[in-house]
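Reading through the structure tokens given below for one structure.
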Amino acid sequence: MQIEEIQHYFNQVYRVLKPGGVCFSTFFLYDDASEEFISTKKDFSFPVEKNGYRLMNDSVKSGNIAIHKNKLFHMLSQEHFEQVKIIDGFWKDEVRDTAKKEYQDIVVFKKS
């Protein structure tokens, strides 16, 4: 999904979730420390830099997207969600952390 579509998705989740309800989602997330690696990683990278997110290919806007954690936090707060937990996946590890069981990053958030 594109950023605008993800924001709309959050809006709709907020609309149907009861107060205190929890949502479990997966994303490709990065931060300042991992940005250089994920933009140049062999075989699975996000080289196209945008405002708070990166794309695998500039001509495929709804393809894989990696979102900076700060951008995601801002998007969640716009819909009045509270971040509960982020579980980092191993997709962005330079050296595979075998303690991590999931490939993508997991984000759990709730409606206040």
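Odds and ends about this structure:
- For Pro19, neighbours were defined as the other residues whose beta-carbon sits under 10 Å from its Cβ, and their charges (Lys and Arg +1, Asp and Glu -1) total +3.
- Each residue of region 100-109 was assigned a 3J(HN,Hα) from its phi angle through the Karplus expression (A = 6.51, B = -1.76, C = 1.60, θ = phi - 60°), giving 7, 9, 9, 6, 7, 7, 9, 10, 10, 9 Hz with x at Gly and Pro.
- Links that overshoot a 22 Å alpha carbon limit, given the list Lys42/Lys100; Lys18/Lys71; Lys85/Lys111: Lys18/Lys71
- Calculated P(r) tail over 12 Å for region 70-112, as whole % of Cα pairs: 63
- Rg ratio (alpha-carbon, reference 2.2 N^0.38 Å) - region 28-92: 1.14
- Per DSSP, loop trypsin sites (Lys or Arg not before Pro) in region 1-101 with at most 10 further Cβ within 10 Å: Lys42, Arg96, Lys101
- Close amide-amide hydrogen proximity is noted between Val48 and Leu55, each under 5 Å apart and 5 or more residues distant or on a separate chain (H modeled in the peptide plane; Pro and chain starts excluded).
- Inter-label distance for Lys61 and Ser25, nm, one decimal - labels placed 7 Å from Cα along Cα-to-Cβ: 1.9
- Take the Cα of Gln83, step 7 Å toward its Cβ, do the same at Asn70, and the gap between the two points is 1.2 nm.
- Fraction of antiparallel bridges per DSSP, the chain only, in percent to nearest 5: 85
- Phi angles of region 88-98 translate, via the Karplus equation with coefficients 6.51, -1.76, 1.60 and θ = phi - 60°, into HN-Hα couplings of 5, x, 8, 4, 9, 6, 5, 10, 4, 8, 5 Hz per residue; Gly and Pro are given as x.
- Among Pro47, His68, Ile6 the positive-end extreme of the charge dipole of the chain (Cβ point charges): Ile6
- The spread of Cα positions in the chain, taken along each principal axis and listed from longest to shortest, comes to 42, 35, 20 Å.
Bear in mind that the values in this text are calculations on the coordinates, not laboratory data. All of these numbers come straight from a predicted model, not from anything done at the bench. Note that we place each Cβ from the backbone using ideal geometry, even for glycine, and neighbour counts take in every protein chain shown.
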